[in-house]
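The values are calculated or read from the model by the stated rules, or taken from the named source; none is laboratory data. Just so you know, these numbers come straight off a predicted model, no measurement behind them. Here the Cβ positions follow ideal geometry from the backbone for every residue, glycine too, while neighbour counts run over all protein chains shown. The protein model used for the area step is the full one, side chains on, heavy atoms only, and it has no ligands, DNA or RNA in it. Shrake-Rupley method; radii C 1.70, N 1.55, O 1.52, S 1.80 Å.
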Amino acid sequence: MKRLCAWMLALLMVLPMTAYAAEDADTAHKIGVIFYGKDDALGQCVYEEVNHAAEVVGIEVEWALGDYDTESQLTSVENLISAGCEGIMFMPIEDASAQKVGQACEESGIYFAICFRDILDSGIKSYVESCEYYVGSCWEDDKGAAGDLVSVLAEDGRSVFGLEKMNPSIALAVRNDGFAEGAEAAGAEIVAEYEVPNDGNSQTHINGVTNFLNLYPDMDGILMTTSSQGAAEAIVNTVKQNSEVGKVKLAMFDLYEGIADDFAAGWVAAAAAGNSPDALFVFLALVNAVDGTPLSDSFINLSQKEVIVTSAEECADYEKYIDNPEYQIYSDEMIQNLVGRYNPDVTLEDYTEIMEAFSLDWVKENSAQ
Amino acid sequence: MEKTKYSFIKKVAPYAGLIALVIIFSLTTDGRFVAARNLTNIIGQSMVTMIAACGCVFVMAHNNLDFSLGGGCALIAALSFRATKAANLPLMLVVCILFGIGCGLITALIHVKGRIPAFMAGMCIMFVGRGVVEGMATNMVMNLPADSSRYANNLFYLIFLIVVFAICVPLFNYTKVGKMQKLIGSNPRAAQLSGVAVGKYKVIAFAISGATLGVASFLTMIRIGSVTKTIGSGLETDVLIALTLGGIPLTGGTGTRIRAAFIGSVTYFVLGNGLTLWGLDANLIYIVKGVVFLATVFATMDRTDQEYVL
């Protein structure tokens, strides 16, 4: 027994010496990605896009999935830094995450970038933007997309809307503003609203929409800030049960299972989605920073356009080209051209140009496969 | 002979597991696991769980589960922020502990006076806590003062850890409070017939668990710099897994050791850290953790007094 203990102690004492081997074990840069998961459509697309891009530009990626709170994201970033990551891309679960993850990276001299989120809290935002190792962020042009959704309804001759409103405290609340501004610009009116429940309770949606239809008989459109967590199914079914086809049409963010049939039947007018390339561009910007060829001397802010789907045919195209983890929207050549080590002339404007061009038609025309 | 061998395995399994993990990860991560920075990370990550687990041992010793930890942590954080505006951190700590004791007492009273299983009473606190913090976080930003981040370091956490263990270890091992918990856990009916005030000692256990939860809540706020909607998420499962990995008997009783909080928390975070260093797929990490958890329960659970009809 004593001999066994002695051997174990000796072994434990020798172990730290192996630490020195770590320094030159890997040659490829390694980037850590903290993301909520890869179980839904967006998560799968992001996972495949980033992995593909990493392979194309010769970067190793390490994922930390399934973190839904600041503490877990902080733990993940600490572990990823320990694992040798030289850059961290993450989607902050809340503003506090942006600060703490950013702080952990800054203290370790690790580049970090934010995907899919803007920071709402001004204090945290100014802290993050003051960090030397902050590469930048990208978020969807939700406001613009909301305006586009209202335009589709307005062009269909609709002007009295109900709003499924996002909780004002979260980043997605800009969709509320986009709908309000879009309605004002189109000369339409939002006459009633209810708030998306935090727990995703379908009954809240059913009650909200039932009230819309009972109290506002002249309502001809419903604007939806989200269709996820079962919201779309609850709202669409309530409208189907309490209204006639075409009397009240829906315009929403995100697509849901069976939306093509509802487009064809005339229940849905438009849906905005297709934001997965957001993470790809942030990742490539981060690769440039880690490579020592940053796109800017300061941090960058990118804006990801969303696709507006307006028919069953477009739904099919969307599912084939954009909402398909097995399909790469951007060719290997395009991806390499956005990285300094393959294209020393790459600039931030190149990113903006490509992101501005993003649309369903563009994706179809430039199909990489 | 068989029983002696079994109890020896139960006793050494948590230590052997931790040592095995340390050796495996040390040899398979190019030395990254044993890098000073990484070890510091693991210690920092595990200390809040350790502190919460330390108080929870009192509850588990009398064969109960405290499911209020995550929601309770959120509730304590939100209410203490509201009460003190985070203007004075020492005051905030005291308020956190008081609110923690309050949470513990409410859970205990629902359980003892209402004769409702403790885990259900704990779940009530969990839901109330989540509801309160979500409502408050929607309406106000609850950031701690910027200078509080200077306390977000391992030395600061370590001081609290030492103090908590310095109070809890003697309390659990050498006083009536701890001994009665184990006695009640071993056989509550016998304890009651022997004149032990079972209800009173259960209330004390929940109050202690609440106090350590208050400290854990305070340190969580310091670590993440604010009170967020998700603060404390999953703390109850982290603590339960940590204590199980530390070898605590799920049925409580005389085999309950407070060191399980320490060993188990370190093991749990070493496992998570090492698997990340391996670069294992995130889904696989969950599977491996699940398998390790099951294996630990299988190896350490005392089935001798359990009746199974199969």
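Quick notes on this structure:
- Since only A:Ser243, A:Ala231, A:Gly258 are under comparison, the one whose Cα sits farthest along the positive direction of the charge dipole of region A:142-273, derived from C-beta charges on Lys, Arg, Asp and Glu, is A:Ser243.
- Debye-sum result for the protein assembly as shown in log10 I(q)/I(0), which assumes one identical scatterer on each alpha carbon, at q = 0.05, 0.09, 0.11 Å⁻¹: -0.28, -0.86, -1.18
- Considering only B:Leu284, B:Leu93, B:Leu109, the mean-square fluctuation computed in a Gaussian network model of chain B, springs between alpha carbons under 10 angstrom, is largest for B:Leu284.
- Around the amide H of A:Leu163, modelled in the peptide plane, lie the amide H atoms of A:Ala192, A:Glu193, A:Tyr194, A:Leu223, all under 5 Å away and 5 or more residues distant in sequence or on another chain.
- Table column - 3J(HN,Hα) (Hz), region A:261-270, Karplus curve with 6.51, -1.76, 1.60, x for Gly and Pro: 5, 6, 5, 5, 7, x, 8, 10, 9, 7
- Largest first and in whole Å, the equivalent-ellipsoid semi-axes of region A:142-273 read 18, 17, 15, each the square root of five times a Cα gyration tensor eigenvalue.
- Aspartates and glutamates with Cα under 17 Å of A:Lys320, excluding same-chain neighbours fewer than 8 positions away: A:Asp40, A:Glu48, A:Glu49, A:Asp254, A:Glu257, A:Asp261, A:Glu306, A:Asp361, A:Glu365
- Subset of A:Lys30/A:Lys125; B:Lys85/B:Lys289; B:Lys85/B:Lys176 violating a 31 Å alpha-carbon distance limit: B:Lys85/B:Lys289; B:Lys85/B:Lys176
- The H on the amide N of A:Met252, modeled in the peptide plane, is under 5 Å from the matching H of A:Met224, A:Ala270, A:Ala271, A:Ala272, each at least 5 residues off or on a different chain.
- Cα-based shape type of region B:1-101, given that a ≥ b ≥ c are square roots of the gyration tensor eigenvalues and the cut on a/c is 1.5: oblate
- The rule of thumb for compact globular proteins, 2.2 N^0.38 Å, goes into the C-alpha radius of gyration of chain B 1.00 times.
- Per-residue ³J(HN,Hα) for region B:240-245, Karplus 6.51 cos²θ - 1.76 cosθ + 1.60, θ = phi - 60°, Hz, x for Gly and Pro: 4, 5, 4, 5, 5, 4
- Helix-only mean residue ellipticity at 222 nm for chain A, each DSSP H run of n ≥ 4 adding -39500 (n - 2.57), per residue, nearest 500: -14500 deg cm²/dmol
- Semi-axis lengths (Å, descending) of the ellipsoid that matches the C-alpha gyration tensor of region B:152-310: 30, 24, 13
- Across all directions, the average flat footprint of the convex hull enclosing the Cα atoms of region A:122-218 is 8.1 nm².
- Rounded to the nearest whole Hz, the Karplus-based 3J(HN,Hα) values (6.51 cos²θ - 1.76 cosθ + 1.60, θ = phi - 60°) of region B:196-206 follow the sequence 6, 7, 4, x, 4, 6, 5, 4, 4, 4, 5, with x at glycine and proline.
- By accessible area, using a 1.4 Å probe on protein heavy atoms only, the protein assembly as shown has 58% of its surface on carbon and sulfur.
- Loop-resident sites, region A:195-291, for GluC sites (Glu not before Pro), counting at most 10 other Cβ within 10 Å (DSSP): A:Glu244, A:Glu257
- Counting charges near B:Phe165 (Lys, Arg +1; Asp, Glu -1) among other residues having Cβ under 15 Å from its Cβ returns a value of +2.
- Ligands, DNA and RNA aside, A:Asp39 has an accessible area near 130 Å² when probed at 1.4 Å.
- Here's how it looks for A:Gln304: its modeled amide H is under 5 Å from those of A:Trp139, A:Glu140, A:Asp141, which are all 5 or more places away or on a different chain.
- Accessible surface of B:Ile97 - all protein chains present, 1.4 Å probe, nearest 10 Å²: 50
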